[in-house]
Amino acid sequence: GLTSATQTENVACSASEKVCNLSSCIPSADCCSDADCAAPKTVCKSTGACTVPTCSGFPGGCSTYVAYSSTTPPGTIVFNSSVDYSPPCIHLGTSQTLTFSGDFTTHPWEQTCGPKEVTLSGFGSTRTVQTNTFGNYGFHCKSHPTFEKGAFQVP
């Protein structure tokens, strides 16, 4: 009968690289496919970095959003042990800063989806985020993800 032989090429990558196939290494990579990523960053980009997925449906359970100017002070979401994110859904204009005010030790904030990854700036009980990238951005409390959740929307 016929026999076939296969040749396996082994690639040696440095500690900061990831082997994604039999012939190459990706520098500073976290992933080769979505399966390599963990929540909330469940999408593997072509650069080998895990990121948040694009939002679909109603992120954070939001079907309507309150205006930036209707909160006191403007653009502020408050949360604590007796109040979930309030308001949970807010609409921002470009270049407007969204402020989160609450107990980040007991209720750590985490982005769940969006057109790009964003991080909160600041420390203590007040943190801010600003982005000019249009779209919906979902978030939740890492400790209470099923009921402490919301979203912000940039036009």
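The values are calculated or read from the model by the stated rules, or taken from the named source; none is laboratory data. What you see is a predicted model; the values in this text were computed from it and never measured. Ideal geometry is used to build each Cβ from the backbone, glycine not excepted, and the neighbour counts take in all protein chains shown. Just so you know, the surface numbers come from the protein's heavy atoms only, side chains and all, with ligands and any DNA or RNA stripped out. Shrake-Rupley method; radii C 1.70, N 1.55, O 1.52, S 1.80 Å.
What do you get for Rg/Rh over segment 27-140 if you use C-alpha atoms and the Kirkwood form of Rh?
When Rh is taken as the Kirkwood radius, the ratio is 0.99.
Give the relative contact order (percent, whole number) for the chain; include only Cα pairs under 8 Å separated by 6+ residues.
Across the chain, relative contact order equals 19 percent.
Taking all protein chains in place and a 1.4 Å probe, what share, in percent, of the accessible surface of the chain do carbon and sulfur account for?
C and S atoms contribute 51 percent here.
Calculate the FRET efficiency for Ala49 and Cys13 from the Cβ-Cβ distance with a Förster distance of 22 Å, rounded to the nearest 0.05.
With a Förster radius of 22 Å, E is 0.85.
Given a 10 angstrom Cα cut-off, can you work out which residue in Gly60, Gly138, Gly48 is the most mobile in a GNM of the chain?
Checking each option, the largest mean-square fluctuation is seen for Gly48.
Can you bin segment 61-125 into rounded, prolate or oblate? Criterion: square roots of the alpha carbon gyration tensor eigenvalues sorted a ≥ b ≥ c, rounded for a/c under 1.5, prolate for a/b above b/c, oblate for the rest.
Judged from the Cα gyration tensor, segment 61-125 comes out rounded (a/c under 1.5).
What distance in nm separates the simple spin-label points at Val66 and Ser95, each placed 7 Å from Cα in the Cβ direction?
Computed distance between label sites Val66 and Ser95 equals 2.6 nm.
So which of Lys45/Lys116; Lys45/Lys142; Lys41/Lys149 end up more than 19 Å apart by C-alpha?
Going by Cα-Cα distance, Lys45/Lys142 fall outside the 19 Å limit.
Taking a probe of 1.4 Å, how large is the accessible area per residue of segment 1-154, in Å²?
Here the per-residue accessible area is 57 Å².
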